[in-house]
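Student: My questions all concern the structure below.
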Amino acid sequence: MRHRLTAIAGLSCVLLSACTEGQIGHSDAVRAGQRIYAKECAACHGAHGEGAGSAALALGTIPPDLTGLKQRNDGYFPREFVRRFIMGRLEKDDPASPMPDFSTVGLRHVYPDGGADGEVLETDFANLLDYLEAIQE
Ligand code: HEC
């Protein structure tokens, strides 16, 4: 058991050092984006984007795992797709799904740079996208 734990710890160090440049925990933008994610998205998409957070239990459509966006898109993070999806500019697979249209509600819970209900500040939005890109597997 002890050996296995050591092996796992060693492996995660290798994985971490492979992504030190501008990745999770190393960029202010990503950290700011993470705060927005935690307030706006985590209830449905899970604390770390893994899908199906607590609010999902009451939803008909299960919120997808957001850490696999890149993998599901041939190894390329679909930043433009994600931007449009969040802003309600794309057809949903299920029109009745509970994913909010953030161009209407705004990123209303957190405004690191100020702002009002129904408003989406470009910097905050860019930070959110940076965070999502950083959590891709
Ligand atoms: C009320 C629950 C809820 C909240 C809050 C929510 N989502 Fe979603 N989201 C969903 C559901 C359900 C789906 C899948 C169904 C659909 O709408 O097509 C989805 C789909 C998505 C997709 C498409 C994924 C794919 O593989 O097609 C993205 C990207 C996404 N959400 C990002 C976000 C982000 C970023 C936030 C926060 C700004 C957020 N969502 C907040 C419920 C939610």
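Student: Output the residues belonging to the stretch 32-41 that are within 8 Å of the ligand (Cβ to nearest atom) and either among the hydroxyl-bearing types (Ser, Thr, Tyr) or surrounded by fewer than 18 Cβ atoms within 10 Å (Cβ to Cβ) (or both).
Tutor: Tyr37
Student: Please verify whether the stretch 56-70 includes one or more residues that are farther than 26 Å from Glu122 by Cβ, modelled with pLDDT under 90, assigned to a helix (DSSP H, G or I) and touching a Pro at 6+ places or on another chain (Cβ under 8 Å).
Tutor: yes
Student: Gly88 is checked against (1) more than 9 Å from the ligand (Cβ to nearest atom); (2) modelled with pLDDT under 95; (3) not in a loop (DSSP other than H, G, I, E, B) and fails just one. What number does that condition carry?
Tutor: Gly88 satisfies every listed condition except (3).
Student: Tally time: how many residues in the stretch 53-78 are more than 9 Å from the ligand (Cβ to nearest atom) and more than 11 Å from the chain's Cα centre (by Cα)?
Tutor: 9
The values are calculated or read from the model by the stated rules, or taken from the named source; none is laboratory data. Treat the numbers as computed from the prediction; the structure is a model and nothing was measured. Positions of Cβ are backbone-derived with ideal geometry, glycine not excepted, and every protein chain shown enters the neighbour counts.
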